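The values are calculated or read from the model by the stated rules, or taken from the named source; none is laboratory data. This one's a predicted model, so the numbers in the text were calculated from it and none came from an experiment. Here the Cβ positions follow ideal geometry from the backbone for every residue, glycine too, while neighbour counts run over all protein chains shown. When the accessible area is computed, the model is the full protein with side chains, heavy atoms only, and any ligands, DNA or RNA have been set aside. Shrake-Rupley method; radii C 1.70, N 1.55, O 1.52, S 1.80 Å.
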Amino acid sequence: MFTVTPDLNAAFPAKAARELGWTNVPLMCAQEIDVPGAIPFCIRVMLLVNLAQDQQANHIYLGKTTVLREDIKD
Ligand SMILES: C=C(O[C@@H]1C=C(C(=O)O)C=C[C@H]1O)C(=O)O
(Lines give C-alpha, C1' and ligand atoms only; values in the text may rest on other atoms or scores of the structure.)
Protein backbone atom coordinates (compact mmCIF):
# COMPACT_ATOMS: atom_id res chain seq x y z
CA MET A 1 0.00 0.00 0.00
CA PHE A 2 1.44 3.33 -1.05
CA THR A 3 0.25 6.77 -0.16
CA VAL A 4 1.54 9.93 -1.78
CA THR A 5 1.13 13.54 -0.80
CA PRO A 6 -1.06 15.53 -3.24
CA ASP A 7 2.02 17.26 -4.74
CA LEU A 8 3.21 13.93 -6.23
CA ASN A 9 1.17 13.08 -9.30
CA ALA A 10 3.62 12.14 -12.06
CA ALA A 11 3.32 8.38 -11.65
CA PHE A 12 1.77 5.55 -9.67
CA PRO A 13 4.22 4.05 -7.14
CA ALA A 14 2.47 0.69 -7.52
CA LYS A 15 3.25 0.66 -11.23
CA ALA A 16 6.91 1.47 -10.51
CA ALA A 17 7.06 -1.32 -7.90
CA ARG A 18 5.63 -3.79 -10.42
CA GLU A 19 8.23 -2.72 -12.96
CA LEU A 20 10.89 -3.37 -10.30
CA GLY A 21 9.65 -6.93 -9.83
CA TRP A 22 6.82 -6.87 -7.29
CA THR A 23 4.56 -8.83 -9.63
CA ASN A 24 3.11 -11.41 -7.23
CA VAL A 25 1.53 -9.10 -4.68
CA PRO A 26 -1.50 -6.84 -4.81
CA LEU A 27 -0.55 -3.16 -4.77
CA MET A 28 -2.55 -0.05 -4.11
CA CYS A 29 -1.99 3.72 -4.15
CA ALA A 30 -3.91 6.41 -2.29
CA GLN A 31 -3.53 10.11 -1.69
CA GLU A 32 -2.73 11.53 1.73
CA ILE A 33 -4.90 14.17 3.36
CA ASP A 34 -3.64 17.65 2.50
CA VAL A 35 -3.07 18.76 6.11
CA PRO A 36 -1.50 22.25 6.37
CA GLY A 37 2.15 21.97 7.46
CA ALA A 38 2.47 18.27 6.67
CA ILE A 39 5.68 17.00 5.04
CA PRO A 40 5.46 17.55 1.25
CA PHE A 41 6.65 15.22 -1.54
CA CYS A 42 6.32 12.18 0.68
CA ILE A 43 5.63 8.56 -0.29
CA ARG A 44 4.59 6.18 2.47
CA VAL A 45 4.74 2.41 2.01
CA MET A 46 2.94 -0.07 4.23
CA LEU A 47 3.87 -3.72 3.84
CA LEU A 48 2.17 -6.80 5.26
CA VAL A 49 4.93 -9.33 5.95
CA ASN A 50 4.92 -12.63 7.80
CA LEU A 51 8.01 -12.89 9.99
CA ALA A 52 9.44 -15.79 11.93
CA GLN A 53 9.08 -15.37 15.69
CA ASP A 54 12.77 -14.50 16.06
CA GLN A 55 12.61 -11.77 13.42
CA GLN A 56 11.72 -8.16 14.05
CA ALA A 57 10.39 -5.43 11.75
CA ASN A 58 12.78 -2.62 10.95
CA HIS A 59 10.85 0.58 10.30
CA ILE A 60 12.58 2.82 7.76
CA TYR A 61 12.13 6.59 7.69
CA LEU A 62 14.24 8.43 5.13
CA GLY A 63 15.36 12.06 5.02
CA LYS A 64 13.04 14.57 6.68
CA THR A 65 10.49 11.87 7.50
CA THR A 66 12.59 10.81 10.49
CA VAL A 67 10.66 13.37 12.54
CA LEU A 68 7.36 11.58 11.90
CA ARG A 69 7.81 8.59 14.19
CA GLU A 70 10.61 9.17 16.65
CA ASP A 71 9.05 6.38 18.72
CA ILE A 72 9.60 3.55 16.22
CA LYS A 73 12.34 4.60 13.80
CA ASP A 74 15.65 2.72 13.93
C1 LIG B 1 1.85 12.56 10.12
C2 LIG B 1 2.01 11.41 9.49
O3 LIG B 1 1.27 11.10 8.40
C4 LIG B 1 -0.06 10.83 8.49
C5 LIG B 1 -0.44 10.36 9.82
C6 LIG B 1 -0.26 9.05 10.16
C7 LIG B 1 -0.40 8.61 11.57
O8 LIG B 1 -0.76 9.43 12.41
O9 LIG B 1 -0.15 7.43 11.88
C10 LIG B 1 0.03 8.10 9.18
C11 LIG B 1 0.08 8.44 7.89
C12 LIG B 1 -0.31 9.79 7.43
O13 LIG B 1 -1.66 9.82 7.05
C14 LIG B 1 2.98 10.41 9.91
O15 LIG B 1 3.32 9.51 9.11
O16 LIG B 1 3.44 10.51 11.05
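Residue-wise, which Karplus ³J(HN,Hα) couplings in Hz belong to region 33-47, taking 6.51 cos²θ - 1.76 cosθ + 1.60, θ = phi - 60°, and x for glycine or proline?
Going residue by residue, I get 6, 7, 6, x, x, 5, 4, x, 6, 10, 10, 10, 10, 10, 10 Hz, with x marking Gly and Pro.
May I ask you to derive the relative contact order of the chain, considering only C-alpha pairs under 8 Å and at least 6 residues apart, and to give it as an integer percent? Working shown, then result.
Details: 66 pairs, mean separation 27.7, N = 74.
Worked out over the chain, it gives 37 percent.
With every protein chain present, what is the per residue accessible area of the chain (1.4 Å probe, Å²)?
With all protein chains present, the chain gives 87 Å² per residue.
Calculate, in nm to one decimal, what residue 10 and residue 47 gain on full extension: separation in residues at 0.36 nm each, minus their alpha carbon distance.
Numbers: separation 37, 0.36 × 37 = 13.32 nm, distance 2.25 nm.
Here the answer is 11.1 nm.
Heavy atoms only, probe 1.4 Å: what % of the accessible area of the chain goes to carbon and sulfur, would you let me know?
Values: 3730 of 6470 Å².
Solvent-exposed carbon and sulfur of the chain make up 58 percent of the total.
Just to be sure I understand the curve: with the Debye formula and one point per C-alpha of the chain, what is log10 I(q)/I(0) at q = 0.25, 0.27 Å⁻¹?
Taken in order of the listed q values, log10 I(q)/I(0) reads -1.26, -1.30.
Counting other Cβ atoms within 10 Å of each Cβ, which GluC sites (Glu not before Pro) in region 1-72 have at most 15 and sit in a DSSP loop? Mind dumping the intermediate values first?
Numbers: sites: 19, 32, 70; in loops: 32, 70.
Passing sites in region 1-72 are 70.
Enumerate by residue number the chymotrypsin sites (Phe, Trp or Tyr not before Pro) in the chain meeting two conditions: DSSP loop (anything except H, G, I, E, B), and at most 15 other Cβ atoms within 10 Å of the site's Cβ. Display every interim value, and only then the final one.
Working: sites: 2, 22, 41, 61; in loops: 22, 41, 61.
Here the chymotrypsin sites (Phe, Trp or Tyr not before Pro) that fit, given the DSSP loop and packing criteria, are 22, 41, 61.
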